Structures are given as C-alpha cells and as structure tokens.
Amino acid sequence: MDDFMNIALPKGRLGEKVYDMFEKAGYGCPSIKEDSRKLIFESAEHKVRYFWVKPSDVSIYVEHGAADIGVAGRDILLEYSPDVFELLDLGIGKCRMAVAGKKGFVDDPSRTLRVATKFPHIAAGYYRTLSREIDIIKLNGSIELAPILGLSDVIVDIVETGTTLRENNLEPFYDIVGITSRLIANKVSFRFKNTAINKLCSDIIPYCKKDS
Ligand code: PRP
C-alpha cells in the first residue's frame, strides 16, 4: 500500500462534478482536465491518484481495495449492498427511483405484475413490502421501452428531470427512494489510511450540496 489516496470516480458528467468538488477541497490533479483517453491520473503534490470507472463499477473497485475511496450513487449501494463504508452524502447526482408506466395504466391485482428494471433487488424489495406478486424482467438500459412495447406493465427506474418519461408518454406512479451520490471507502483502507481519509472528508464537507 503506497501513501497515495486511490480514488475511483464515476466516468461522465457526474464524475466531472465530483472531481470539481475534490479539486476545490484541495485535491486537484490538473492532468485530469487534459483531453485524453487515459484512465489514471495522479498528483504527486496532493498524493492522490484518480481512476475513471464506469459508475456502476465504482463500488466494486472500492470493495476489493483497488480504490481506497470512491463516489457511487445510492441506487448502486442499495442494489448491490457492497461491503464498504458509506462516509458522506455529497448531495449531487440527485434523482429518485420510481415506478412508472404508460399514462393511465391501472394495475390489475389478480394478475402478476411484470416489472422491467435495471435494479431487480430494489424492485423486488419494494413490491415485497406491498405483498404484490411480480415477475422481474431485468434489462440493462433504455428501460422506458419495455412498457411501450408491451414487454412489461411498469418499470422501476431512475427519474431525474422526468424528460425521458414525458417524451415517451409515460408517467411516474410512485417514488421508491431518493438518490444522491455517496463517498464510500474500502474497509481496510479506512483503517490504515484513517487520518488521510478523515481529513479528506472534512475538507470535502463544505462543498457538499445541502438540501434546498
Ligand atoms: C437514466 C434512467 C432514465 C433517465 C432518466 O438513464 O434510466 O432513462 O436517465 O433521466 P430523466 O428523468 O432526466 O429523463 P441513463 O441515461 O442512465 O441511460 P440508460 O439507463 O438507458 O442506460
């Protein structure tokens, strides 16, 4: 284990916001802003090494110790329950997990409800609390297509602005859980790099977005 802090960032627009928070907090790594296809960037000055990782893979890197800390959505943490510590709610990446379907859809409780989702664990948990029998259809993207094409009755998916639902004549029916991005840590790193991780948390806190 070197004395660098290895940080897994979610690739994409959200990851850039996350990096900006880290930079403001004093963990900048200017080379990351260069337009390149590199995936690893380090700053010897601040002793940080950043990796760009697919958002849904961040918790895997952190759980296995390939990264000491990382930023993952609450959706991923609830779906996969990785064995990591959740340290901070960064308040960004705000959205919600919701049940949605075709406008005017009416559930027939005498039939098994067909639910398409990327989040089978969250969906199953939600309907278990309602004692509603469902069949899960696991998809990997473009979930909104499922009710339109008759593959499912409803979807359980992330809603941020609601535009995707609206533009496809779908509507949200129920909110399941609110989602924001969380700072997570590997359990061993948290023990052995405790001082550095705690300092990073207190440096980041002022830049976390509070509820408005
Ligand atoms: C997510 C989600 C919705 C969309 C919601 O999709 O699955 O499709 O964003 O955002 P909105 O409410 O602002 O329209 P994502 O972009 O991750 O793509 P994918 O699930 O189809 O891969």
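Coordinate-derived values only; no laboratory data. No experiment lies behind these values; they were computed from the predicted model shown. Cβ coordinates were reconstructed from backbone atoms using ideal geometry, including for glycine residues, and neighbour counts include every protein chain displayed.
Values as computed for the structure displayed
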quantity: Top positive-direction residue, dipole computed over the stretch 107-212 with Cβ charges, set ILE204, GLY178, LEU149; calculated: ILE204
quantity: Relative compactness, the stretch 1-62, computed as alpha-carbon Rg over 2.2 N^0.38 Å; calculated: 1.04
quantity: Value at 222 nm in deg cm²/dmol, rounded to 500, when DSSP H runs of n ≥ 4 in the chain each add -39,500 (n - 2.57); calculated: -7500 deg cm²/dmol
quantity: Antiparallel content of DSSP bridges confined to the stretch 1-154, in %, to 5; calculated: 25
quantity: Rounded, prolate or oblate (a/c below 1.5 giving rounded, otherwise prolate when a/b exceeds b/c) for the stretch 33-153 by Cα gyration tensor; calculated: prolate
quantity: Value in Å of the Kirkwood radius, where the chain supplies the Cα pairs that are averaged; calculated: 18.6
quantity: Neighbour net charge for GLY125 - beta-carbon separation under 13 angstrom, K R +1, D E -1; calculated: 0
quantity: Base-10 log of normalised Debye intensity for the stretch 152-191 (one unit scatterer per alpha-carbon) at q = 0.15 Å⁻¹; calculated: -0.53
quantity: Residue order, fewest to most surrounding Cβ atoms within 10 angstrom, among LEU149, LEU9; calculated: LEU149, LEU9
